[in-house]
Amino acid sequence: MKNLIKNFLIFFTVFLLIAAVFSLVSGGGAKSAAVGLDTLVSQINNQQVDKISISGNDIQVTLKQGGNEIVKKEAGDTFSQIVKNYSVDPAKLSGIKIEVKENQGLDFWLAAVLPFLIPFLLISVFIYFMLRSVQGANSKAMMFGQSQAKEIGREFKDKVTFRDVAGVKEAKEELKEVVEFLRNPQKFSEVGARTPRGVLLLGSPGTGKTLLARAVAGEAGVPFFSISGSEFVEMFVGVGASRVRDLFRRAKKSAPCIIFVDEIDAVGRRRGAGLGGSHDEREQTLNQILVEMDGFEPNTNVIVIAATNRPDVLDPALLRPGRFDRRVILDEPDLADREAILKIHAKKKPLGKEVSLKRVAERTPGFTGADLANLLNEAAILAAMKNKKIIDMEEMFESIEKVMMGPERKSRILSAKEKKITAYHEAGHAIVAHFSPNTDPVHKVSIIARGQAGGYTLKLPLEDKHMYTKTEYVEEIAVLLAGYIAEQEIFGEVTTGATSDLRRATSLARKLITDYGMSENLGPRTFGEKEEMIFLGREIHEQRDYSEKVAEQIDKEISNFIDRAVHQAKGLVKSKQEFLEKVVVALLDKETLEKEDFEKIVGEKVKEE
Ligand code: ADP
Ligand code: MG
Ligand code: ZN
């Protein structure tokens, strides 16, 4: 449509220009003074006129003593009529050369052509537009079937290699094989090795799946077709399937290459499990992927890499040998990995001299690669906002908390009473955490709202931990409940501020019993059949594999654990009340206590080894 208007405008402008050129040429170019008809008549009567030439509505007058004049006449009136009307002496006219020129002025052109041209143009524009829209719909329907895979060619500008991916050592090892295969496939076929078809990358969001897939392509120096699972899913049934066909056709043409299907769970969900109308489409798309992968000639050098963070929902058919037979798990980075990731992302950022990425890594347990990249970016933004040229530790720490808990919400003004309650609540968490022998040390206590939380107490482990004991868990629950307990002990009742603490404490208590077998009464077994691979941190669906009676027992055990934790927390809040009060005073005064401030009040943490 825009094009159409543009074309029309261009056409029209050209037309106007041609007309203008014509009128200029015919106008002779000489400058003429414009005068009225009566002047002309009197000039004729005074025999001052040498020559008259009439073109259209213009009368060009050349005077005897030199000089030109132009006189406009009414359209329709002829010169002889004017002469008659103004009673010009015919004898005086005889001395004047009169010529009638063919009319070529702009007006003439416009007047002559436009009445025909406008309807003609309108009609042709109309027809053109109709044709186009019909064609457009057609061509769009054709485009639908084509995959929108972006091809990243061999000479990709900022090529990603394994060096840009920190950590995930096992995954990199595993993928080196794939790279080797893409580089020289005959080495493998000579010894009769079947080539890998599909590699499935599994890992929580942000662990670097997409990055790693690109690194494989970069290492192998082969083209890389990247498409996201959700792009296959369209409104029309069959479109996804034809996109898959098209994608594989294109890929086979440029073999050896990599097809990367990001977020494959969008199409690769268990078939027949969908609700609503869309699952037909998904099934067809998934079937097509399976057909294409099966249809590879033994030595088609196309490797399909797919990524997902929901391996539990994938269709088992996808995981069969010959399809995504290799599964590569990307773990969340540990301390050393985090430091390495930070190093990679800090390369282009000017860091202050005292910045220690190791200390940042220590403070960020549970952060994924994406979180860490984000953290550095936030720190850079903070530094820029302060008009600093380098990023200091201060900005690093600030952005850690921002990434962890959302931005500070200083604008949320608490009333004096709310502030006091929040102070006791957070001081409760902090005191119980500090005096429980097995918990992580308190890093920061604050009554400034952050994200969803009204205030927060930040504990950080001294090292990465992979195992927890029951004692530690019970203490953990006690810390979670400490805010609630403190409110209750001091004010005699609790507020809504403790809701999420309670929920987390309850679900932790349930896990102790159903997943970790930590209840003496129920014994070493798990309860509830989880869909596979809960290690990615999410339980999707639970099926009961126990009786009503056991369910009742579990509930009772949850209460037992909670009671135990409440008892511990209450004991500490009471016995350490003098510290609690001091922390509250400090919090009301400063709003935020760093580790050092806090330990000045309560002493250094004594941790049991
Ligand atoms: P996923 O696909 O697993 O959700 P991405 O690969 O998109 O995660 O990672 C997002 C960003 O996080 C990457 O672009 C990269 O900047 C950073 N990142 C994640 N993991 C790593 C890693 N192991 N090493 C370096 N950077 C990483
Ligand atoms: Mg991704
Ligand atoms: Zn709390």
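The values are calculated or read from the model by the stated rules, or taken from the named source; none is laboratory data. Fair warning: this is a prediction, and the values are worked out from it, not measured in the lab. Positions of Cβ are backbone-derived with ideal geometry, glycine not excepted, and every protein chain shown enters the neighbour counts. We work out accessible area using only protein heavy atoms, side chains counted, and drop any ligands, DNA or RNA first. Shrake-Rupley method; radii C 1.70, N 1.55, O 1.52, S 1.80 Å.
Some observations on this one:
- Protection-proxy order for peptides 506-513, 428-435, 594-601, each taking the mean of Cβ atoms within 10 Å per residue, highest first: 428-435, 506-513, 594-601
- Linear extension gain, Gln47 paired with Glu170, 0.36 nm per residue minus alpha-carbon span: 33.3 nm
- Counting only lysines at least 8 places from Lys72 when in the same chain, those with an alpha carbon closer than 28 Å to its own are Lys31, Lys51, Lys64, Lys84, Lys92, Lys97, Lys101.
- Probe 1.4 Å, protein heavy atoms only - accessible area per residue of the chain in square angstrom: 54 Å²
- With helices as the sole contributors, the chain gives -16500 deg cm²/dmol at 222 nm; each DSSP H run of n ≥ 4 counts as -39500 (n - 2.57), and the sum is divided by every residue.
- For the stretch 31-102, a/c is less than 1.5, where a ≥ b ≥ c are the root eigenvalues of the C-alpha gyration tensor. That puts it in the rounded class.
- Fraction of accessible area attributable to carbon and sulfur, the chain (%, probe 1.4 Å): 55 percent
- Stretching the chain fully between Ala34 and Glu594 yields a gain of 192.6 nm (0.36 nm per residue, less the alpha carbon separation).
- Stretchable slack from Thr495 to Lys574, in nm (0.36 nm times residue separation minus alpha-carbon distance): 26.5 nm
- Of Lys209/Lys358; Lys417/Lys444; Lys470/Lys549; Lys511/Lys600, those spanning more than 27 Å from alpha-carbon to alpha-carbon: Lys511/Lys600
- Nearest-0.05 FRET efficiency for Val313 and Val550, computed from C-beta distance (R0 25 Å): 0.35
- Using a Förster distance of 45 Å, the FRET efficiency for Arg327-Ile448 (Cβ separation, nearest 0.05): 0.55
- Here the 3J(HN,Hα) profile of the stretch 37-53, calculated from phi with Karplus coefficients 6.51, -1.76 and 1.60 at θ = phi - 60°, is 4, 4, 4, 4, 4, 5, 5, 5, 5, 8, 6, 8, 8, 9, 8, 10, 10 Hz, Gly and Pro shown as x.
- The phi-based Karplus calculation (6.51 cos²θ - 1.76 cosθ + 1.60; θ = phi - 60°) puts the 3J(HN,Hα) values of the stretch 198-205 at x, 10, 9, 9, 10, x, 4, x Hz, whole numbers, x for Gly and Pro.
- Each of Ile5 and Ser507 was given a label point 7 Å from its Cα along the Cα-to-Cβ line. The distance between the two points is 5.2 nm.
- Computed packing ranks the peptides 311-318, 480-487 as 480-487, 311-318, most packed first, by mean other Cβ atoms within 10 Å.
- With both residues required to sit in the chain, DSSP beta bridges show an antiparallel share near 50%.
- Spatial offset of the stretch 374-392 relative to the stretch 428-491 amounts to 30 Å, using the alpha carbon center of each.
- Rounded to whole Hz, the Karplus (6.51, -1.76, 1.60) HN-Hα couplings of the stretch 588-596, x for glycine and proline: 5, 7, 9, 6, 10, 10, 7, 3, 5
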